[in-house]
1. Filter the stretch 28-42 down to the residues that are under 19 Å from L113 (Cβ atoms) and either open to solvent by 50 Å² or more (accessible area, probe 1.4 Å) or without any contact (Cβ under 8 Å) to a residue 40 or more places away in the chain (or both) and list them by number.
2. Pairs needed: first member in the stretch 211-228, within 21 Å of V137 (Cβ to Cβ) and modelled with pLDDT of 95 or more; second member anywhere, in a helix (DSSP H, G or I) and open to solvent by 10 Å² or more (accessible area, probe 1.4 Å); C-beta distance under 6 Å; at least 6 residues apart or different chains.
3. Tell me which helices (runs of 4 or more DSSP H) are completely within the stretch 245-315 and hold 2 or more residues being under 12 Å from the mean Cα position of the chain (by Cα) and polar (S, T, N, Q), or say none if there are none.
4. Being without any contact (Cβ under 8 Å) to a residue 40 or more places away in the chain, open to solvent by less than 40 Å² (accessible area, probe 1.4 Å) and in a helix (DSSP H, G or I), is that true of even one residue in the stretch 186-202?
5. Can you work out which of the residues in the stretch 255-293 that are of a type outside the set (V, I, T) and in contact with a Lys or Arg (Cβ under 6 Å, 6 or more places away or on another chain) is surrounded by the fewest Cβ atoms within 10 Å (Cβ to Cβ)?
6. State yes or no: is A79 part of a loop (DSSP other than H, G, I, E, B) and closer than 24 Å to A291 by Cα?
7. Please enumerate the residues belonging to the stretch 97-123 that are part of a helix (DSSP H, G or I) and loosely packed, with under 15 Cβ neighbours inside 10 Å.
8. Just give me the residues in the stretch 43-57 being surrounded by 13 or more Cβ atoms within 10 Å (Cβ to Cβ) and in a loop (DSSP other than H, G, I, E, B), in sequence order.
Amino acid sequence: MFAMSRRWIGQETFSFAAVGRGSGSSLDKLSGLIEWAPVERALAGISNAAKGEPAWPPLALFKATLLSVWYDLSDVKLAEALDDRPSLRRFCGFSPSEPTPERTAFVRFRKALVEQELDRVLFEEVTAQLKSKAIRVKAGTLVDATIVASASKEDGEARWVKHKSKPAMHGFKAHVGADADTALVEEVAITPANINDGRAGTEALPDNPGEVFADSAYRGSRFGDAVRAKGGTPRIVATGMWGRGEAETLKRLGAWNKPIHRIRGRIEKIFGTWKRSYGLRRMRWRGLAKAAAQVRLTAIAYNLKRTLSIVATAA
């Protein structure tokens, strides 16, 4: 064990509590959505201190990282926003008048997160809590992948891929397994962009997935066997089917594919939110490990917002 010097924040309790009362901020609701103590324990071993300075509480920096995803902020913009906006301060645990972290604190925190592979631990902890609130009966699983451009063409761990009529892209691929009913992301795997969907998709399967809906890239025994091994049933888009004639064949093919397309189309909304609203159009940092951290942090942020919507609708 080792001791580290840490700052204490949020000590100005009277003025802190007085700010934002009755504002109904969505951040206040997100703050109360899960138990943060297990997250804080998972982060206990992280040190983000600059030399000779006490470290910022890692839970505060993790919450700030979620803010950077929700508002698509760079480290510089995140530092400025924390210094300026009461609702963001309150979410992270800072009182109204105390100092907030500089940009370099987020860089050090992220580096430690990747080195200790805590992005996976945090994703699993937060997602398990959210699933207990949102998923009542497991209806099925959506599996798909999306390509995210690399931070630089010089990233040696990214790869080029060409997909149909689209331009070639240099980057990584996020493989996702999401609940078919709630659209909560349950599993994530990150690979270079040239890895086959059917091969890597096995890593995006949750336990007891139910019916698994996927496109034709997941055809083949490898993925199907993995689904069945976890107690699920593959529902994969077919590209061909036997029939007594062309008309009958097309009818049977359409009858099989139409419900699969209708259900699996929901996962495109997840990717759309990630790219349109959460800045995952391009990786921010180089390397597979950092790309994985960015995708998992995005998935955590998305799952929190998605669960808040589900809970509000059910209320």
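The values are calculated or read from the model by the stated rules, or taken from the named source; none is laboratory data. Just so it is clear, the structure is predicted and the values come from calculations on it, not from any experiment. A quick note on method: Cβ atoms are made from the backbone with ideal geometry, for glycine too, and the neighbour counts reach across all protein chains shown. SASA here: full protein model, heavy atoms, side chains in, ligands and nucleic acids out. Shrake-Rupley method; radii C 1.70, N 1.55, O 1.52, S 1.80 Å.
1. Of the stretch 28-42, the ones under 19 Å from L113 (Cβ atoms) are 34, 36-42.
W36, A37, E40, R41, listed by residue number.
2. Within 6 Å, the pairs are F213/I263; F213/R264.
3. On the way: elements: 246-264, 266-276, 288-314.
So the answer is 288-314.
4. Checked against the condition, which is being without any contact (Cβ under 8 Å) to a residue 40 or more places away in the chain, open to solvent by less than 40 Å² (accessible area, probe 1.4 Å) and in a helix (DSSP H, G or I), the stretch 186-202 yields at least one hit.
5. Step one: filter the stretch 255-293 for residues of a type outside the set (V, I, T), giving 255-259, 261-262, 264-266, 268-269, 271-272, 274-293.
Restricting the remaining residues to those that are in contact with a Lys or Arg (Cβ under 6 Å, 6 or more places away or on another chain) gives 275, 281.
Values: K275: 15, R281: 11.
Among those that are of a type outside the set (V, I, T) and in contact with a Lys or Arg (Cβ under 6 Å, 6 or more places away or on another chain), it is R281.
6. Numbers: part of a loop (DSSP other than H, G, I, E, B): no; closer than 24 Å to A291 by Cα: yes.
Spelling it out, it is not the case that A79 is part of a loop (DSSP other than H, G, I, E, B) and closer than 24 Å to A291 by Cα.
7. Taking the stretch 97-123 as the starting set, the residues that turn out to be part of a helix (DSSP H, G or I) are 103-115, 118-123.
Within the stretch 97-123, R103, T104, V107, E115, R120 meet the criteria.
8. First, pick out the residues of the stretch 43-57 that are surrounded by 13 or more Cβ atoms within 10 Å (Cβ to Cβ): 43, 45-49, 55-57.
Those that are surrounded by 13 or more Cβ atoms within 10 Å (Cβ to Cβ) and in a loop (DSSP other than H, G, I, E, B): L43, G45, I46, S47, N48, A49, W56, P57.
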